[in-house]
Amino acid sequence: MQNDKLKNYLHLHVLVFIAGFTAIIGKLITINAVSLVWYRMLMATVLMFIYIKVAKVDISITKKAFVKLAIAGIIIALHWITFFGAIQVANASIALAMFSTGAFFASFIEPIIYKRKIIAYEIVFGLIVILGVYLIVRSEFKYIDGMILGIISAFLSSLFAVLNGKFLEEHSATKISFYEFLSGVFFISLYILCFGEGFNLNHFNISLSDGLWLFVLASVCTAYAFIASVYVMRYISPYTVVLTYNLEPIYGIILALLLFPESETMSSSFYIGAFIILGVVLLNGVLKNLKKFKKNKIQQTN
């Protein structure tokens, strides 16, 4: 029993490592961010559909629910486009550091969606996060475009996560992801047709290297990571899962530094700022879940 628990903990950290490696793949792929995300979501949709057929998952849905999931699909598509865009105009370290501000945005988005009051310490944490961002901006101002894209990406990611929390109250995670991926592909396709170069030969003319990394991104980092994370959450508490996933930027930044030292080595102020942001994110997760644990304990004793 203890060995099974250890295996699931190790599996969880592998999934977080995979999430951090996503930024590295974004740096390795040479096509633009919009095309990258189109391929990722298309491949992931196909793989998810195969899984649904093999596992015989029910994906029936109402029109109203489909519209909601379609909007969320557009949000996650925009999140990925801005995230990979940040990597391409700056670097992986900048994108990941800015992505860490997502917890700050979630502390304001969540009360609106769930209609609860803003917690006082979250405002304090928000101010500390702003300090961390300020240190990064001041020391690495040449990457300001990447920082702006990274912050937009973090906001969209938080909005998506909070909305998905509501959707999970009514639908399975598989159903949610399938329709979100499908609508994301449709949205990006419309964008390419209306504002891009269209689906000409150049769009499909990608190198073997890009094709292989795109497949890894769609299969391992998207379809597999999603299915495996659902499996892991059956055996590990949501608190542990959420807290562990906050290590994603740390894994990603370390990987980027090891693999691309010439372009990813940043100033000391950057790492201080990133450490402040990540520290606040982890502390916020601990405090939130301690509060939830105490509340559950009081309810059990009454």
Q | Accessible-area order (highest first, 1.4 angstrom probe) of the listed residues PHE21, PHE204 | A | PHE204, PHE21
Q | Per-residue HN-Hα couplings for region 254-266 [Karplus 6.51, -1.76, 1.60; θ = phi - 60°; Hz; x = Gly/Pro] | A | 5, 4, 4, 5, 6, 7, 10, x, 5, 9, 9, 6, 10
Q) Can you list the HN-Hα couplings for region 125-140, worked out from phi with the Karplus curve (6.51, -1.76, 1.60; θ = phi - 60°), rounded to whole Hz and with x for Gly and Pro? A) 4, x, 5, 5, 4, 4, 4, x, 5, 4, 4, 5, 4, 4, 8, 10
Q | Per-residue [θ]222 nm for the chain (sum of -39500 (n - 2.57) over DSSP H runs n ≥ 4, rounded to 500) | A | -27000 deg cm²/dmol
Q | Cβ-based net charge around ALA120, under 14 Å, with every Lys or Arg adding one and every Asp or Glu removing one | A | +3
Q: With no solvent and one equal point scatterer per Cα, compute the Debye intensity ratio I(q)/I(0) for region 130-245 at 0.14, 0.15, 0.18, 0.23 Å⁻¹ and report its log10, rounded to two decimals.
A: -0.96, -1.06, -1.26, -1.31
Q: Return the subset of LYS117/LYS291; LYS142/LYS288; LYS115/LYS175; LYS166/LYS288; LYS64/LYS115 for which the Cα-Cα distance in this structure is over 24 Å, preserving the input order.
A: LYS142/LYS288; LYS115/LYS175
(Q) How would region 1-130 be classified by its alpha-carbon gyration tensor: rounded, prolate or oblate, with rounded meaning a/c under 1.5 and the a/b versus b/c comparison settling the rest? (A) rounded
Q) Along each of its three principal axes, how wide is the spread of alpha-carbon positions in region 188-237, in whole angstrom units, largest first? A) 47, 26, 9
Q. How large, in percent, is the carbon and sulfur part of the accessible surface of region 75-219 at a probe radius of 1.4 Å?
A. 71
Q | For region 17-57, average projected area of the Cα convex hull in nm² | A | 3.6
Q. Near GLY252, within a Cβ-to-Cβ distance under 15 Å, what is the net charge of the other residues, with Lys and Arg +1 and Asp and Glu -1?
A. -1
Q) Given H placed on each backbone N at 1.01 Å, which residues far from SER267 in sequence or on other chains put an amide H within less than 5 Å of it? A) none
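Averaged over every viewing direction, what's the projected area of the C-alpha convex hull for region 133-178? Give it in nm², one decimal, please.
Mean orientational projected area (region 133-178, Cα hull): 4.1 nm².
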Q) What order do you get for 144-152, 195-203, 264-272 when each peptide is scored by the mean count of other beta carbon atoms within 10 Å, highest first? A) 144-152, 264-272, 195-203
Q.
Quick check on the chain: what does the Kirkwood estimate of hydrodynamic radius come out to from the alpha carbon pairs, in Å?
A. 20.2
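So with the 1.4 Å probe, I'd like the accessible area per residue for the chain, rounded to whole Å².
Details: 15860 Å² over 302 residues.
Averaged over the residues of the chain, the accessible area is 53 Å².
Kirkwood Rh, Cα Rg: Rg to Rh for region 41-95?
On the Cα set of region 41-95, Rg over Rh gives 1.14.
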Q: Could you work out the Rg to Rh ratio of region 95-174, with Rh taken as the Kirkwood radius (inverse of the mean 1/r over all Cα pairs)?
A: 1.05
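The values are calculated or read from the model by the stated rules, or taken from the named source; none is laboratory data. It should be emphasised that the depicted structure is a prediction, and the values quoted were computed from it without experimental measurement. Backbone-built Cβ (ideal geometry, glycine too); neighbour counts: all protein chains shown. Heavy atoms of the whole protein, side chains included, go into the accessibility calculation; ligands, DNA and RNA do not. Shrake-Rupley method; radii C 1.70, N 1.55, O 1.52, S 1.80 Å.
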